[in-house]
Amino acid sequence: MVTIEETTFIGGPIERCFDLARSVEVHLAGNVHFGEAAVATGGITSGLMKLGERVTWRAKHFGVWHQLASEITEMNRPTHFQDVMQQGIFRFLRHDHFFRALDGDLTEMRDEFRFAAPLPVLGRLAEIFVLRRHMRALLRERNAVIKRIAESGEWRTYLP
């Protein structure tokens with residue numbers, strides 16, 4: 001199993017950062033070059049994800065189309081939410097999102113992202129040599145988009 005931790009500091013109030021991080025549209029804005037989409041397979045396809053809601057993502061990684069259904073399993077607005085893979089290629093995937101208000105309107109957004117590849121032996125090699133780097137890059141790209149949107153007037157496009 002791999003654990004990736006990332007911390008991003010965002011110039012914006014904690015509530016705005018929390019809500020942007022659970023927006024389907026913001027997620028998609030951060031993954032445009034993978035052709036990612038939220039597909040209608042028993043879950044939501046737009047808006048802010050809420051406790052117990054599921055989103056199925058479809059994207060192309062390593063030349064292959066994948067679907068991953070994720071559900072919000074814990075939520076304590078505005079400091080934490082967790083999404084867990086319910087269906088997909090990984091053996092295990094859990095993403096904890098932590099938020100902490102700092103001085104002024106500065107927010108610390110911290111991610112703990114845990115996953116295990118399929119196929120225990122070959123999967124472990126893939127985790128070490130390919131997936132760790134790929135998943136960290138995806139997480140950093142997503143966080144950069146959240147930061148850009150939160151720190152500009154663009155956040156009004158995504159939040160009610």
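If you find the alpha carbon centre of segment 126-146 and of segment 42-71, how far apart are they in angstrom?
Taking the Cα centre of each part, segment 126-146 and segment 42-71 sit 17 Å apart.
Top mean-square fluctuation among Lys50, Lys147, Lys60, Gaussian network model of the chain, C-alpha springs under 10 Å?
It is Lys60.
For Glu112 and His80 in the same chain, what is the full-extension length gain: residue separation times 0.36 nm, less their Cα-Cα distance, in nm?
Between Glu112 and His80, full extension yields an extra 10.4 nm.
Residues with beta-carbon under 10 Å from that of Ser70, excluding Ser70: net charge, scoring Lys, Arg +1 and Asp, Glu -1?
Charge balance near Ser70 sits at -1.
Got a sec? How would Arg91, Arg133 order by Cβ neighbour count within 10 Å, fewest to most?
The most exposed by this proxy come first: Arg133, Arg91.
Using Cα-Cα distances under 8 Å and only pairs 6 or more residues apart, what relative contact order does segment 35-160 have, in percent?
About 12 percent, as a whole number.
Based solely on its DSSP helices, what 222 nm [θ] is calculated for the chain when runs of n ≥ 4 H residues each add -39,500 (n - 2.57) and the sum is averaged over all residues, nearest 500 deg cm²/dmol?
Helix contribution divided over all residues of the chain: -8000 deg cm²/dmol.
Simple spin-label model, 7 Å along Cα-to-Cβ: Ala101 to Val64 in nm?
So the label points at Ala101 and Val64 sit 4.5 nm apart.
What distance in nm separates the two pseudo spin-label positions at His134 and Lys50, each 7 Å out from Cα along the beta-carbon direction?
Distance between the two pseudo-spin positions: 3.5 nm.
Rg to Rh ratio, segment 2-158, alpha-carbon atoms and Kirkwood radius?
Checking Rg against Rh, the ratio lands at 0.95.
Hey, in the GNM for the chain with a 10 angstrom Cα cutoff, which one of Asp96, Asp83, Asp105 fluctuates hardest?
In this elastic network of the chain, the residue with the biggest mean-square fluctuation among Asp96, Asp83, Asp105 is Asp105.
No lab work stands behind these numbers, since they all come straight from the coordinates. Note that this is a predicted model, so its numbers are computed, not measured. Quick reminder, even Gly has a Cβ in these numbers, built from the backbone with ideal geometry, and neighbours come from all protein chains shown.
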